[in-house]
């Protein structure tokens, strides 16, 4: 019996010793943010049992283990107060699982406790950590990710020490990252269990004991990296963009083998729960022609930044085409023509520039404080959308401010869009100053796309009114179009100069513009960084971005971005009073550029209208609306029959004409073309627009003629 008891005691002792030894072999975790217990803006840190605060917008989703926290790229931060912060010794390990939606705007911490102060001078292109102030303290640690996606550990010692990987963290994948300070004299960085960088330390680590521990966000505003113009790029708050899970701090230097084992044992089999990032444009494919108010959702974290209700955006659809015209907050309501394959064709607003503010334009109004959109007309015959905005700088300044009244430049733009997916853009600049440029051939990229994914290297085709064309190739750099006022590939007579610009997107439909004669097409040959985009200048401060910058060079295809090909430089017109105006055409086609010539001629050299009826007055052709305008003299009785003849010929062809009859009244209409009733035919669209004390008639006809055509409108009922 005694012998049996001794055996039992011996077994218990051995078991106890094994448990002690096993515990001794376990890494000593001193802080662990698992995000498995998140509620009411708090997350429980597992080891210390401390509820740390979560600031900004966040969500919880499935993580590597349990839950992960979603950081929105702008507002999200987890914070441990200084009083509850731990004290690291000279050897320690930091580790985490990350799944990045995008690389940060500049360095962003995974976990950090430091006290450096950034100069944020705006006078050069240096930003944190290169611009830490001379008299700044330099204590603490900073385990984070660079704007190009490199992993780094920063330490306060003798100066501010930075160890950075040469390997990038991949996007939209679960990635295990770790940093080790070993034997007080070496930093090691690991990605997915593999050592990717090491660096000798020649000074001891100093803690920043009075600072909070932060996850996901810097302790101060930081300037976005890689600005085009540093003086027009301001320091701002931002955060990590993506998922964070299993953030751990160890009070020891873990061996590389242990980190490799961690990665192998913990790596998830499922993809991270990151929402797709495709800029929204409404339902794909054809839809009933017309404009609709809607709420276009991008991805949850971006959507949550916007305090808007149900209908902030506008989408225009077409019956027989997948093309759409989108007025969306993400572009500051600047309209985009969306092709098949979701390729986006954009443009510039009225833009000013000076050496204090940089660009002054719609792009720098990320909250749309000075930009709004509304539907003016919405009938079967045409859609009219109004975009109003005030050009703004990153500094919050405006353009050409009148010193007496305080009014700055304001712009009204009207888009007259017809069922044949052709629209006219009329720009009205209200100013006491000079006319400014309103146009630039801009293409947008979704996250994951580079410019070369969206357009051919033979990116631009120009054509004139004779049908002569030339395609320009970017494979050897920006091509040359002109020498001074002389085009290299076209003649110099008005009909020989190019007025048609087509962008050769990698889609069936190609967007185009048609300008008034007197335009001067110029290739956009500036601000090009070949290391990131071999052929085109490429930026991501717009669209979508919420940073105060008039230009940031793309570091990766991680965000929505844009690139520019050319300026069309349409001619300006002085209005009566304090305004200037411009007008030109947009559209999309699946046909060669030469097929646009009849459309262009019909707009620039429209057939003469001959009024054959009494009771009406003709205002002729309004190029800014792409329609003939006629006014009824009296609205007291049923309108008389309206008869007109359009004197079309080969020089002035008729191509999908539109007719607006002001004051027609509340009377249905019968439409005839050359005596044939087409009212119910697919080639005829009729709309009625109610205005103050009158109703206007709009008729659009899908007819193409090179000879005179008679049209009549007769009231019915």
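The values are calculated or read from the model by the stated rules, or taken from the named source; none is laboratory data. Here the structure is a predicted model, which means the values were calculated and not measured. Ideal geometry is used to build each Cβ from the backbone, glycine not excepted, and the neighbour counts take in all protein chains shown.
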Look at residue 564 and say whether it is in the same structural domain as residue 477 (by TED's automatic domain parsing), touching a residue at least 40 places away in the same chain (Cβ under 8 Å) and under 30 Å from residue 596 (Cα atoms). yes
Selection from the stretch 402-432 of residues that are surrounded by fewer than 21 Cβ atoms within 10 Å (Cβ to Cβ), touching a strand residue (DSSP E or B) at 6+ places or on another chain (Cβ under 9 Å) and on the phi > 0 side of the Ramachandran plot: none
Out of 367, 386, which single residue is within 18 Å of residue 291 (Cβ to Cβ) and surrounded by fewer than 21 Cβ atoms within 10 Å (Cβ to Cβ)? 386
In the stretch 270-283, the residues that are surrounded by fewer than 18 Cβ atoms within 10 Å (Cβ to Cβ) and closer than 16 Å to residue 446 by Cα: 275, 276, 278
Could you say which residue among 482, 486 is farther than 30 Å from residue 284 by Cβ and surrounded by fewer than 13 Cβ atoms within 10 Å (Cβ to Cβ)? 486
Which of the following residues is part of a strand (DSSP E or B) and in contact with a helix residue (DSSP H, G or I) (Cβ under 8 Å, 6 or more places away or on another chain): 385, 308, 323, 315? 323
Select from the stretch 445-467 the residues that are assigned to a strand (DSSP E or B) and either without any contact (Cβ under 8 Å) to a residue 60 or more places away in the chain or farther than 18 Å from residue 530 by Cα (or both) and list them in ascending order. 456, 458, 460, 461, 462, 463
The stretch 198-229: number of residues that are surrounded by fewer than 17 Cβ atoms within 10 Å (Cβ to Cβ) and in contact with a helix residue (DSSP H, G or I) (Cβ under 8 Å, 6 or more places away or on another chain): 2
Tell me, which strands (runs of 3 or more DSSP E) wholly within the stretch 328-380 include 2 or more residues that are assigned by TED's automatic domain parsing to the domain that holds residue 584, touching a strand residue (DSSP E or B) at 6+ places or on another chain (Cβ under 8 Å) and touching a residue at least 12 places away in the same chain (Cβ under 8 Å)? 336-338, 344-346, 358-360, 371-378
